[in-house]
Structures are given as C-alpha cells and as structure tokens.
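Visitor: There's a structure below that I have some questions on.
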Amino acid sequence: MKLSLTIIYLLLSFSVIGQTSPRDLYTSGNSNFKSGNFENAIEKYTELLKIVEEKTVQKTCYINRGLSYDRLQKYDLAIADFTEAIKLDTTDMASFVDRGLSKMHAGYLEKAKEDYYYVVHKNNNNAMMEAALYWLARIHYSQGKFEEVLKNCDRYFTINSQDPEMYFISGTANDMLRNFEKAIKDYSNAIEIHPNYVQAIANRGTAKINLLTRNGNLQLSKKETRSACKDLKKAKELGDIAVDDLIYVYCDRK
C-alpha cells in the first residue's frame with residue numbers, strides 16, 4: 001500500500017480575530033493545491049495561520065502547507081510543518097507518515113525510519129501501519145537489507161494479505177537472498193490477486209530458471225523449463241521485452 005501525500009479538508013467553524021475571511025483563505029489554499037499552484041497554496045495557508053486560533057485548524061494548515069512544500073521539493077520546510085502538526089496532535093499517525101515521506105524524499109532515510117517505526121510501535125491505526133511498513137520495506141530494500149524487507153512484509157501481511165505489490169516486494173527480496181522457492185511463492189500470490197501483473201510474471205519465470213540453474217546445471221530440458229517459459233512468454237505478451245534473452249536461451253532454442 002503506497003499512501004500518497006493527500007491534502008486534508010476541514011469542515012469546521014473558525015474562531016479568528018480580524019476581518020479577513022479564514023474560510024476563503026482555506027478554500028483558496030485547497031483550490032490552489034489541487035490545481036498545482038503550490039506557492040499560492042502556501043501563501044494562503046500562511047496567512048490563515050497568522051489569524052486562526054483554533055488548534056485543529058492550525059494543525060490542518062501545517063499539514064496542508066507541508067504537503068505543498070513537499071510537492072515543491074522543499075523538504076526541510078515540509079518536515080518542519082509536519083513537526084508543528086505533530087506538536088499539536090501527537091496521536092495523529094498520518095502526520096508521522098507524511099513527515100517520514102518528506103524525510104525519505106530529502107534522503108534522510110534513517111530519520112524517516114524513526115517515524116515509521118514509531119507508527120508501527122503505536123499499532124493503533126491499521127491504514128497508517130500499512131503505510132509505515134510499506135515504506136520501511138522500500139527503504140530497507142534500497143539499503144540492501146533484504147532480511148528486514150521480509151520482516152516488514154510479513155508484518156504487513158498480518159494486516160493486509162491482499163496487496164500484490166507487497167508480495168512482489170517480498171518476492172524480489174527473496175530473489176536477492178537466493179530464496180527462489182519463496183520468491184516463486186510470493187510472485188504467485190501477487191499474480192493470484194493481479195493476474196496480469198507483468199513484473200511478477202516475468203520475475204516468477206526468472207526465479208524458476210534460477211532455481212533450476214543455481215547448482216550449475218545450465219543444460220535444461222524442455223520439460224524442466226516448461227513452467228518458466230510459460231511465465232516468460234506470458235510476460236512478453238504483456239509487453240515485457242526484457243525477458244527476450246531468457247526466452248531465446250531457455251525456451252526457443254530447445
């Protein structure tokens with residue numbers, strides 16, 4: 001489950017001092033965000049923060065301004081805004097996930113992991129748990145920590161066992177660890193949920209070849225490669241031309 005940074009809409013009465021309409025500022029900020037005018041959105045949320053007194057509204061402004069900064073790749077400013085939102089409400093796990101994403105985008109991977117592990121430790125919101133475990137798996141994969149990837153995936157599956165992308169991630173981690181039987185099972189789970197998942201089909205075919213050849217046996221019979229070739233050819237039919245070499249070596253030359 002990839003949780004995208006999503007703007008928050010708030011339907012509340014505003015308690016403010018002054019003549020400027022906070023609702024107009026808020027509506028304008030959201031409208032600018034939706035249309036991709038992030039600088040204008042930031043301006044409106046900043047104006048609103050100067051006049052609004054209600055903590056819930058302040059929190060929402062910090063979150064939405066943080067999302068705008070993230071879109072502009074101003075990650076340190078985004079992180080600062082999400083931190084302010086967290087100060088106003090430490091129970092909202094979504095703010096930790098949002099801050100973790102901005103930290104990831106900025107390259108602060110260890111700091112991002114701290115936010116995600118906090119969400120996992122709290123274990124009080126399944127949707128946020130899924131998001132945190134997903135991004136932990138992605139970070140650990142990028143760091144070559146494939147055993148950690150598998151731990152993240154296994155925990156994820158206790159919450160959601162119907163996510164083909166997470167089975168694919170688990171499969172690629174098992175591939176990297178040369179656990180080809182487990183990789184094949186992971187890819188099969190992904191394909192069962194998403195039958196035309198071309199990357200999973202291609203990887204399953206490749207894992208089947210790797211399983212057959214891992215002990216140095218490169219002279220495979222047509223019978224041995226039948227299942228792998230079925231996957232590889234299916235992947236090619238679905239548009240994956242990267243499998244051409246494997247098809248040529250293990251399928252077409254038989």
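Visitor: Checking THR158 against (1) within 20 Å of the chain's Cα centre (by Cα); (2) surrounded by 21 or more Cβ atoms within 10 Å (Cβ to Cβ); (3) of a type in the set (Ser, Thr, Tyr), which test does it fail?
Guide: (2)
Visitor: Quick check, is TYR197 among the hydroxyl-bearing types (Ser, Thr, Tyr), out of contact with any His (no Cβ under 8 Å at 6 or more places or on another chain) and over 24 Å from ILE169 (Cβ atoms)?
Guide: In short, no.
Visitor: While we're here: Residue by residue through segment 151-181, note down the ones that are part of a loop (DSSP other than H, G, I, E, B), under 22 Å from THR213 (Cα atoms) and charged (D, E, K, R). So that I can check it myself, show each step before the final result.
Guide: Taking segment 151-181 as the starting set, the residues that turn out to be part of a loop (DSSP other than H, G, I, E, B) are 158-163, 177-179.
So of that shortlist, the ones also under 22 Å from THR213 (Cα atoms) come out as 177-179.
If the condition is that a residue be part of a loop (DSSP other than H, G, I, E, B), under 22 Å from THR213 (Cα atoms) and charged (D, E, K, R), then ARG178 is the only one that fits.
Visitor: Kindly establish whether ASP70 is surrounded by 20 or more Cβ atoms within 10 Å (Cβ to Cβ), more than 20 Å from ILE139 (Cα to Cα) and either within 17 Å of the chain's Cα centre (by Cα) or free of Cβ contacts under 8 Å to residues at least 24 places away in the same chain (or both). Talk me through it step by step, then tell me what you get.
Guide: On the way: surrounded by 20 or more Cβ atoms within 10 Å (Cβ to Cβ): yes; more than 20 Å from ILE139 (Cα to Cα): no; either within 17 Å of the chain's Cα centre (by Cα) or free of Cβ contacts under 8 Å to residues at least 24 places away in the same chain (or both): yes.
No, not satisfied.
Each reported figure results from applying straightforward, stated rules to the coordinates on display, with no laboratory input. All of these numbers come straight from a predicted model, not from anything done at the bench. In this analysis, Cβ positions are derived from the backbone assuming ideal geometry, glycine residues included, and neighbour counts consider all displayed protein chains.
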